[in-house]
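**Student:** What follows is a single structure, and I will ask about it in a moment.
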Amino acid sequence: MFFKNNIDKKFFKKLEENLLSCDIGFNTSKNIISNLIYKVNKKKILDKKKIIYMLEKELLKILEKSKDNELIIKKKYPFLILVVGVNGVGKTTTVGKLAWKYKNEGKSVMIAAGDTFRAAAIDQLNIISKKIFVPVVSQHYKADSASVIFDAIQSAKKKKIEVLIADTSGRLHNNKNFICELKKIVKVTKKIDINYPDETILVIDSSSGHNVINQLKIFNEAINITGTIFTKLDGSAKGGMIFNVSNELNIPIRYICTGEKKEDLHEFEYKSFVKSILE
């Protein structure tokens, strides 16, 4: 599109289409292009390279609030991280990656196998825990998830564990029973510590598209989401919905996952992410 000299409505329309193709939502894309057109007209810019530079600045401005969003683990026994998300987003493997990260930083870590809805999730966590040498508190399939997490907190307290990461069941965000289960977990943990959970992370599949905002709003209204992790950014997903999350909801992006290995959990570097979108 930059080989043509004309900077007109078609040029900006094509630019907007490219943003949409990267999974940046309609409202966010429209706002970006509107701001860009206004500034281009005001400064009477005809150089397309300058326009691209201005576009980069618009994208950076949206994500700027996501800088320095790494989760800070406060000194307590334990610091409770509740990990939630719909089915299929890679939530259980993300729990393992978080556990590995904090263990690698020298912290004592424990995992609560709170996903009792899926029998394979308990087995999966047991396998992961053996590989990274982190203990798991679990019960039987279909056990009460809140009870599992409650027991894990009590065990972590006795053993002076610094970080407890609790997995939860994954179902569709509009499943009423699922949301009630999450509310119950939060209510039960608050009986131990009114500030629990210390962090509630929503795991989001980067290829989810525009449904992400609905997910976030429903989860946030029910249990107060304090951070997000975007998974599967190693695939075909452009990850443009990250802009929608930053633009429409003031929820920090804690980490991104770029692969299946335990080391593939990274802090969100918004500047390098914007460059990757423009490549």
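The values are calculated or read from the model by the stated rules, or taken from the named source; none is laboratory data. Because the structure is a prediction, the values reported are computed rather than measured. Backbone-built Cβ (ideal geometry, glycine too); neighbour counts: all protein chains shown.
**Student:** Checking the structure you have, find out if any residue of the stretch 146-157 is part of a helix (DSSP H, G or I), exposed (fewer than 14 other Cβ atoms within 10 Å of the Cβ), out of contact with any Pro (no Cβ under 6 Å at 6 or more places or on another chain) and at pLDDT 95 or above. Reasoning before the result, please.
**Tutor:** First, pick out the residues of the stretch 146-157 that are part of a helix (DSSP H, G or I): 146-157.
Next cut, exposed (fewer than 14 other Cβ atoms within 10 Å of the Cβ) only: 154.
Now narrow it down to the ones that are out of contact with any Pro (no Cβ under 6 Å at 6 or more places or on another chain): 154.
Narrowing further to those that are at pLDDT 95 or above: 154.
Taking every residue of the stretch 146-157 in turn, at least one turns out to be part of a helix (DSSP H, G or I), exposed (fewer than 14 other Cβ atoms within 10 Å of the Cβ), out of contact with any Pro (no Cβ under 6 Å at 6 or more places or on another chain) and at pLDDT 95 or above.
**Student:** Another one. Could you go through the stretch 29-52 and let me know if any residue there is loosely packed, with under 15 Cβ neighbours inside 10 Å and in contact with a Gly (Cβ under 9 Å, 6 or more places away or on another chain).
**Tutor:** no
**Student:** Let me ask something else about it. Could you list all residues from the stretch 103-135 that are surrounded by 20 or more Cβ atoms within 10 Å (Cβ to Cβ) and touching a strand residue (DSSP E or B) at 6+ places or on another chain (Cβ under 6 Å)? Break it down into steps so the answer makes sense when it comes.
**Tutor:** Step one: filter the stretch 103-135 for residues surrounded by 20 or more Cβ atoms within 10 Å (Cβ to Cβ), giving 109-116, 121-122, 125, 128-129, 134.
Passing the criteria: Val109, Met110, Ile111, Ala112, Ala113, Gly114, Leu125, Ser129, Val134.
**Student:** So, in the stretch 200-224, of the ones that are surrounded by fewer than 21 Cβ atoms within 10 Å (Cβ to Cβ) and of a type in the set (D, E, K, R), which residue ends up farthest from Glu248 (Cα to Cα)?
**Tutor:** If we take residues in the stretch 200-224 being surrounded by fewer than 21 Cβ atoms within 10 Å (Cβ to Cβ) and of a type in the set (D, E, K, R), then Glu221 is farthest from Glu248 (Cα to Cα).
**Student:** Is the stretch 185-193 home to any residue that is buried (at least 20 other Cβ atoms within 10 Å of the Cβ), in the same structural domain as Ile111 (by TED's automatic domain parsing) and within 13 Å of Phe79 (Cα to Cα)?
**Tutor:** Yes, there is a match, as at least one residue in the stretch 185-193 is buried (at least 20 other Cβ atoms within 10 Å of the Cβ), in the same structural domain as Ile111 (by TED's automatic domain parsing) and within 13 Å of Phe79 (Cα to Cα).
**Student:** Of the residues that sit in the stretch 86-111 and are under 14 Å from the mean Cα position of the chain (by Cα) and of a type in the set (D, E, K, R), which one is farthest from Ser206 (Cα to Cα)?
**Tutor:** Lys97
**Student:** Then there is this: Yes or no: Ile253 within 16 Å of Thr28 (Cβ to Cβ) and touching a Ser or Thr at 6+ places or on another chain (Cβ under 7 Å)? Walk me through it before giving the result.
**Tutor:** Working: within 16 Å of Thr28 (Cβ to Cβ): yes; touching a Ser or Thr at 6+ places or on another chain (Cβ under 7 Å): yes.
Judged against the criteria, Ile253 is a match.
**Student:** To continue, here is another question. Scan the stretch 66-86 for residues that are at pLDDT below 90 and either touching a helix residue (DSSP H, G or I) at 6+ places or on another chain (Cβ under 6 Å) or not aliphatic (A, V, I, L, M) (or both) and jot them down.
**Tutor:** Ser66, Lys67, Asp68, Asn69, Glu70, listed by residue number.
**Student:** Can you tell me which residues in the stretch 239-277 are among the hydrophobic types (A, V, I, L, M, F, W, C), within 14 Å of Ile229 (Cα to Cα) and not in a loop (DSSP other than H, G, I, E, B)? Before the answer, list the steps.
**Tutor:** Residues of the stretch 239-277 that are among the hydrophobic types (A, V, I, L, M, F, W, C), as a first pass: 241-243, 245, 249, 251, 253, 256-257, 265, 268, 273-274, 277.
If we keep only those that are within 14 Å of Ile229 (Cα to Cα) too, we end up with 241-243, 245, 251, 253, 256-257, 265, 268.
Answer for the stretch 239-277, where residues must be among the hydrophobic types (A, V, I, L, M, F, W, C), within 14 Å of Ile229 (Cα to Cα) and not in a loop (DSSP other than H, G, I, E, B): Met241, Ile242, Phe243, Val245, Ile253, Ile256, Cys257, Leu265.
**Student:** So which of Ile73, Ile81 ends up being buried (at least 21 other Cβ atoms within 10 Å of the Cβ) and within 30 Å of Val136 (Cα to Cα)?
**Tutor:** Numbers: Ile73 fails: buried (at least 21 other Cβ atoms within 10 Å of the Cβ).
Unique residue meeting the criteria: Ile81.
**Student:** A further question follows. Which of the residues belonging to the stretch 92-138 are in a loop (DSSP other than H, G, I, E, B) and modelled with pLDDT under 90?
**Tutor:** At the first step, the residues of the stretch 92-138 found to be in a loop (DSSP other than H, G, I, E, B) are 105-108, 113-118, 133-135, 138.
Listed by number, the residues that qualify are Phe117, Arg118.
**Student:** Same structure again: Identify the single condition in (1) crowded, with 22+ Cβ neighbours inside 10 Å; (2) at pLDDT below 95; (3) assigned to a helix (DSSP H, G or I) that Val89 does not satisfy, given that it satisfies every other one.
**Tutor:** Against the list (1) crowded, with 22+ Cβ neighbours inside 10 Å; (2) at pLDDT below 95; (3) assigned to a helix (DSSP H, G or I), Val89 comes up short only on (3).
**Student:** Separate question: Restricting to the stretch 216-252, give me the number of residues that are touching a Leu at 6+ places or on another chain (Cβ under 8 Å) and among the hydrophobic types (A, V, I, L, M, F, W, C).
**Tutor:** 11
**Student:** In the list Ile45, Ile24, which residue meets the criterion of being of a type in the set (Val, Ile, Thr), touching a Phe, Trp or Tyr at 6+ places or on another chain (Cβ under 9 Å) and either at pLDDT below 85 or closer than 20 Å to Gly240 by Cα (or both)?
**Tutor:** Values: Ile45 fails: touching a Phe, Trp or Tyr at 6+ places or on another chain (Cβ under 9 Å).
Of Ile45, Ile24, the one residue that is of a type in the set (Val, Ile, Thr), touching a Phe, Trp or Tyr at 6+ places or on another chain (Cβ under 9 Å) and either at pLDDT below 85 or closer than 20 Å to Gly240 by Cα (or both) is Ile24.
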